[in-house]
Amino acid sequence: MSLSTLVLKSLQARRLAVSLTMFAIASSLALIIVVETVREGARQNFLNTISSTDLILGARTGDVQLLLYSIFHLGNASNNITWKSYQDIAANDEIDWIVPVSLGDSHRGYRVVGTTPEFFQHYNYGQREQLTFSSGKQFAGLFDVVVGAAVAKDLAYEVGAKLIVAHGLESFVEHMEFPFQVSGVLNATGTPVDRSVFVSIEAIQAIHTNIAPLQNNTNDLSGEALFDGMDLTPQSVTAALIGVRSKLSIFNVQRQINKYPNEPLSAILPGVTLAELYQITAVVETALRIILWAVIVASLLGMSAMLVATLSARERELAIMRTIGASPWHIAALIMMEALLLATLSALCALVLANIVLSVSSPTLEDRYGFAVTHSRALASGSSILAFFMILAPLAGLVPVISAYRNSLAARLAFNN
């Protein structure tokens with residue numbers, strides 16, 4: 001009888017203990033694969049939030065803080081940029097395009113972003129992917145609004161829906177006199193754009209205008225008619241996205257902005273700052289990965305414990321094998337092959353379990369956190385984990401091998417007597 005056949009029959013004879021051990025190990029490995037896949041997906045989604053933007057302009061502050069409030073809409077700006085300074089920067093011949101961003105209002109917990117129609121042309125994410133509309137189009141009228149995919153889904157908005165903008169982020173003061181109408185719904189991007197509401201920068205200026213004198217002088221008109229012919233140029237903006245004509249001039253433009261004499265301004269490189277921001281969470285990621293590798297070691301120890309625990313029922317079997325001429329190396333190979341086969345079956349089950357869990361949770365992850373988890377990503381994340389587990393699997397049989405050798409030798413002596 002070949003060694004492989006003997007291994008299969010041995011595991012089949014202990015199928016209950018083997019099945020329970022395999023399920024426990026597979027569950028642990030599947031958990032590790034799921035966590036690692038989600039972690040890697042979140043990391044890639046984070047790093048792909050913005051692309052093709054060379055510089056981000058804002059009031060002088062920390063680089064990370066500027067990135068957080070201008071792109072991720074977290075926190076608030078320490079100060080705004082005056083419109084005069086914005087125009088001076090925009091007049092730089094080395095700048096190809098510049099898009100203003102005005103923050104400060106909200107709609108039912110979502111940030112309202114005041115900007116220009118060029119935002120939808122120049123804001124790229126991932127591998128230079130442009131924003132696209134699932135329905136409608138970008139704003140054209142003063143009180144048109146474009147909503148992100150998550151906003152549209154959570155609030156059941158479609159083109160033509162009405163909404164009210166609130167003053168501030170946690171304010172109960174709503175601009176009831178200025179209802180907006182949805183003109184377009186964006187496709188999902190997996191970025192903060194999905195959770196944003198976009199209006200024209202002129203609309204931001206309009207809703208903060210005292211309309212009482214205007215109504216008295218225009219026979220109580222309302223809506224866009226109130227502002228016909230009125231200059232709605234903003235006094236300031238929160239930040240601006242910049243693209244330069246030549247990549248060689250990025251640092252020159254950045255230096256000019258940082259030395260701007262009329263007010264303290266700051267220009268950051270989004271890619272560099274994203275990497276810097278990600279380093280802040282590196283400690284947490286390292287701790288998480290240590291825990292995951294500890295789970296692998298625990299799984300190997302569990303497998304080794306199962307093999308040792310079943311040796312008592314195999315003492316006579318191993319003693320007979322030694323008596324008929326099986327060498328210690330033969331016994332060692334038998335047990336290590338059992339460990340390797342058990343590890344292989346556990347790894348395959350782990351892949352199946354992980355893909356089932358990710359298939360079920362992927363829609364939720366995409367809706368709530370803006371990134372999709374694919375089976376190919378799960379396989380890529382799990383390959384190194386399973387490879388490490390498979391390499392160490394034979395080592396888990398060392399303790400059972402030593403124990404089997406000692407027990408089989410003692411049992412053989414007893415058998416001969």
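Listed values, structure above:
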quantity	calculated
Cα-based shape type of the stretch 242-299, given that a ≥ b ≥ c are square roots of the gyration tensor eigenvalues and the cut on a/c is 1.5	prolate
Simple spin-label estimate for LEU348 and ARG289 in nanometres, 7 Å along Cα-Cβ	3.0 nm
Whichever lysines have a C-alpha closer than 19 Å to that of LYS259, once near sequence neighbours (fewer than 8 apart) are set aside	LYS84
Qualifying trypsin sites (Lys or Arg not before Pro) for the stretch 115-159 [loop in DSSP, other Cβ within 10 Å: at most 16]	ARG128, LYS137
Amide proton proximity set for SER135, modelled H, under 5 Å, gap of 5+	VAL185
Those residues of the stretch 171-191 whose amide nitrogen sits under 18 Å from the label point placed on SER52, 7 Å along Cα→Cβ	186-191
Estimated FRET transfer efficiency when R0 is 41 angstrom, pair MET176-GLN87 (beta carbons, to 0.05)	0.80
Kirkwood Rh and Cα Rg combined as Rg over Rh, evaluated for the stretch 12-73	1.44
The stretch 39-135: C-alpha gyration tensor shape, a/c 1.5 cut-off, then a/b vs b/c	rounded
Point-to-point label distance, SER236-ALA140, nm (Cα→Cβ direction, 7 Å offset)	3.5 nm
Within straight-line cross-link reach of LYS153, lysines at Cα separation under 28 Å, skipping those fewer than 8 residues along the same chain	LYS137, LYS162
Cut-off 12 Å between beta-carbons: net charge of the residues surrounding ILE164, Lys and Arg +1, Asp and Glu -1	-1
Computed E for GLU276/LYS247 - FRET, C-beta separation, R0 22 angstrom, nearest 0.05	0.65
Accessible surface of THR238 - all protein chains present, 1.4 Å probe, nearest 10 Å²	0 Å²
J(HN,Hα) series, the stretch 21-28, from Karplus relation 6.51 cos²θ - 1.76 cosθ + 1.60, nearest Hz, glycine and proline x	5, 4, 5, 5, 5, 4, 5, 5
Amide hydrogen neighbours beyond the local backbone of ASP105, cut-off 5 Å, H modeled	VAL112, GLY168
The stretch 266-291 and the stretch 166-209: distance between their alpha carbon centers, rounded to Å	30 Å
Using θ = phi - 60° and Karplus 6.51 cos²θ - 1.76 cosθ + 1.60, couplings along the stretch 106-118 (whole Hz; Gly, Pro as x)	8, 9, 6, x, 9, 5, 9, 10, x, 7, 10, x, 5
Residues GLU129 and LEU8, FRET efficiency given R0 of 51 Å [Cβ-Cβ distance, rounded to 0.05]	0.50
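The values are calculated or read from the model by the stated rules, or taken from the named source; none is laboratory data. Everything numeric in this text was worked out from a predicted model, so none of it was measured. No Cβ is skipped: glycine too gets one built from the backbone with ideal geometry, and neighbour counts run over all protein chains shown. Quick note on the areas: whole protein, heavy atoms, side chains included, nothing else; ligands and nucleic acids left out. Shrake-Rupley method; radii C 1.70, N 1.55, O 1.52, S 1.80 Å.
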